[in-house]
Amino acid sequence: MIEIAIVALGFFVAWNIGANDTANCIGTAVGSGIITKKRALLIVAFFVLLGASLEGWKNMKTVGEGILIPGVGGNPLADPSLSFLVIAILAAAGSWVLLATFFGMPISTSQSMIGAVLGSGIFLSLTRPEIGVGVNYRKIGGIALSWVLNPMFAALIATLLMIILRSLIRTTRGLLAINRILTILILISAAYSAYTLGANDVGTSTGVIYAKMGWSTRLTAVFGALALIVGAITFSSRVIGTVGKGIVPLDAISAFAAQFGAAMTVWFFVQLGIPVSTSQALVGGIAGVGLAKRSSMINKRNLLKISVAWVATPLIVCLISLLFSQLFSLV
């Protein structure tokens with residue numbers, strides 16, 4: 001029964017990621033009117049599965065094995081006597097992302113998962129010191145630093161891409177040819193973003209499932225990707241609207257620059273096995289092109305709300321995880 005509950009909660013977390021983070025792949029494309037939501041979701045489904053299958057294991061191992069320092073019984077996430085810990089982690093991360101998605105806020109699901117694992121580790125170190133489980137704060141520090149650099153890198157790359165692309169477009173003759181080129185570029189960037197979503201977010205969201213269930217990385221990745229796809233299809237509209245239109249008006253060039261800059265940034269961190277936020281990368285990219293176009297066009301109120309949610313997310317989920325760990329340990 002415990003294993004069934006863990007698998008169900010794991011599906012719930014990945015479903016929530018699909019609902020919240022699908023906007024990071026197709027929000028700009030749909031928001032700028034380049035492609036319909038239905039066709040965009042087909043792109044997401046295929047490339048998320050591909051990215052998760054090929055590279056999801058990198059963040060999976062970081063979350064499942066790299067954050068908590070094993071105690072006398074080995075990895076606490078795999079310890080049968082500590083199954084309540086995995087349930088607390090998944091319930092904390094999933095419930096917070098669901099709440100944010102309901103209000104249309106593109107928060108960081110990676111931050112949610114890292115915060116949840118951190119909370120459970122703190123709980124064990126405080127309440128069961130004899131087990132010897134600790135938190136790898138050096139790893140946490142490196143991940144936290146990447147959260148700061150992530151939107152900054154995305155903003156810089158997106159701005160450079162937009163400047164370069166605008167220069168190239170000026171030398172291209174024929175409006176029809178320009179529109180076709182931009183449409184192709186945006187579709188490529190959506191596919192690339194979906195691939196990085198699978199590689200980054202699926203691995204992050206299923207790390208504790210991988211550690212607990214003992215599944216292969218490939219099987220765990222496919223499980224997470226399928227759950228994410230279901231979330232994308234059923235509950236992604238609100239956040240797509242926020243990302244696509246709620247920060248700064250996007251034309252085809254700025255949509256491509258923001259999308260591709262974010263995808264490049266996330267993929268770079270995936271190669272290092274560092275779970276970053278696809279939401280932060282994309283919002284950083286959008287803000288970057290907004291500044292390059294004209295800062296007054298940026299919806300500063302929406303951007304401020306999103307930024308506050310980023311700062312609050314790991315702290316809040318850490319506390320929720322602590323509370324859930326205490327609660328479920330008594331069951």
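Here are 227, 155: which of them is surrounded by 14 or more Cβ atoms within 10 Å (Cβ to Cβ), out of contact with any Pro (no Cβ under 6 Å at 6 or more places or on another chain) and closer than 18 Å to residue 42 by Cα? Spell out how you get there, then give the answer.
Working: 155 fails: closer than 18 Å to residue 42 by Cα.
Of the residues listed, the single one that is surrounded by 14 or more Cβ atoms within 10 Å (Cβ to Cβ), out of contact with any Pro (no Cβ under 6 Å at 6 or more places or on another chain) and closer than 18 Å to residue 42 by Cα is 227.
Restricted to the range 1-35, and to residues there that are surrounded by fewer than 18 Cβ atoms within 10 Å (Cβ to Cβ) and small (Gly, Ala, Ser), the residue that is modelled with the highest pLDDT is 8. Do we have residue 286 as at pLDDT below 75 and either buried (at least 19 other Cβ atoms within 10 Å of the Cβ) or more than 20 Å from residue 152 (Cβ to Cβ) (or both) here? Answer is no for this residue.
This table checks each residue for (1) in contact with a strand residue (DSSP E or B) (Cβ under 6 Å, 6 or more places away or on another chain); (2) small (Gly, Ala, Ser); (3) surrounded by fewer than 23 Cβ atoms within 10 Å (Cβ to Cβ); (4) modelled with pLDDT under 80.
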site: 254; (1), (2), (3), (4): no, yes, no, no
site: 268; (1), (2), (3), (4): no, no, yes, no
site: 280; (1), (2), (3), (4): no, no, no, no
site: 292; (1), (2), (3), (4): no, yes, yes, yes
site: 302; (1), (2), (3), (4): no, no, yes, yes
site: 316; (1), (2), (3), (4): no, no, yes, no
site: 322; (1), (2), (3), (4): no, no, yes, no
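Residues in the range 112-157 that are within 14 Å of residue 266 (Cα to Cα) and either touching a helix residue (DSSP H, G or I) at 6+ places or on another chain (Cβ under 7 Å) or in contact (Cβ under 8 Å) with a residue 40 or more places away in the chain (or both): 143, 146, 147, 150, 151, 152, 153, 154, 155, 156, 157.
Considering the conditions (1) crowded, with 18+ Cβ neighbours inside 10 Å; (2) at pLDDT 95 or above, residue 82 is excluded by exactly one of them, (2). The one condition from (1) closer than 27 Å to residue 307 by Cβ; (2) out of contact with any Asp or Glu (no Cβ under 9 Å at 6 or more places or on another chain); (3) at pLDDT 90 or above that residue 196 does not meet is (2).
The values are calculated or read from the model by the stated rules, or taken from the named source; none is laboratory data. From a predicted model like this one, the values you see are computed outputs, not experimental measurements. Note that we place each Cβ from the backbone using ideal geometry, even for glycine, and neighbour counts take in every protein chain shown.
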